[in-house]
């Protein structure tokens with residue numbers, strides 16, 4: 001009798017809609033205020049946007065991971081980010097990481113520099129064909145979906161000043177990095193950190209944020225920068241397609257397993273129309289692998305995010 005079985009893996013990601021079955025926090029954790037690389041001369045939040053009267057602007061928003069602003073490494077990391085944005089070479093470096101997906105740790109702000117995590121910042125880059133742009137024309141907003149918009153906020157720059165992390169560039173190449181935010185160039189680049197959960201100072205605070213974010217099947221945030229009638233967006237989500245791994249011994253795992261999530265593993269022997277998937281088991285933090293046995297020559301497996 002032939003005993004050798006060939007088990008092949010097809011990685012399929014299936015996302016369940018709605019909320020997870022785990023216990024949900026009664027209310028969202030506390031949040032901090034949105035901040036930026038600009039110097040706020042009259043408080044963190046300003047309440048005005050200057051009118052844009054130019055012929056057109058191109059607005060882009062790129063999400064990056066940086067240290068908290070109070071971290072000793074923040075200034076160097078922010079400088080590297082601004083320089084690369086200016087040169088059109090934003091990429092993953094030792095100082096920052098460009099992202100499209102997040103985990104709950106990236107959404108934790110702390111007023112204590114002891115929190116060593118990297119958190120979500122946004123690089124806002126606005127361009128025009130003439131020197132008709134200024135920092136105080138930009139309005140930045142955030143909106144978190146599925147959780148009652150707990151991280152929704154707006155940030156404006158009227159009354160602020162340019163800094164090394166909030167610059168304008170004139171058409172002759174002159175860089176404006178100090179003085180009133182009303183000074184104009186044909187390009188403005190600014191780092192913003194929109195509202196995050198303020199739980200990084202204590203373990204209980206971190207636990208609260210983790211439980212809240214992971215209680216949703218998908219926690220999504222949209223960042224939008226607007227100048228007049230022109231806007232750009234960046235969308236981040238905690239919903240990451242699981243990547244299955246399998247060993248010759250028939251052990252299945254999730255290569256990019258997210259803490260606090262569970263994954264239902266399902267299998268079938270064919271991908272023919274009308275076939276059905278059968279449950280194999282559940283993978284979690286506590287049980288990160290499953291032993292599978294397949295009597296057919298080929299087996300297909302998928303992970304369903306719970």
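Each reported figure results from applying straightforward, stated rules to the coordinates on display, with no laboratory input. This structure is a prediction, so every number in the text was calculated from the model and none was measured. So basically every Cβ, Gly included, is an ideal-geometry build from the backbone, and we count neighbours across all protein chains shown.
In percent, rounded to a whole number, the relative contact order of the stretch 35-237 is 31, using alpha-carbon pairs under 8 Å and six or more apart. Annotation for residue 30 and residue 80: the two label points, set 7 Å from Cα along the Cα-Cβ direction, are 3.2 nm apart.
What FRET efficiency comes out for the pair residue 93/residue 237, r = Cβ-Cβ distance, R0 = 30 Å, nearest 0.05? List each step's numbers first, then the result.
Numbers: r = 23 Å, r/R0 = 0.77.
E between residue 93 and residue 237, to the nearest 0.05, is 0.85.
Our compactness index for the stretch 35-237, the C-alpha radius of gyration over the empirical 2.2 N^0.38 Å, is 0.99.
For residue 177 and residue 73, compute 0.36 nm times the residue count separating them, minus their Cα-Cα distance, and round to one decimal in nm.
Values: separation 104, 0.36 × 104 = 37.44 nm, distance 2.01 nm.
Answer, rounded to one decimal: 35.4 nm.
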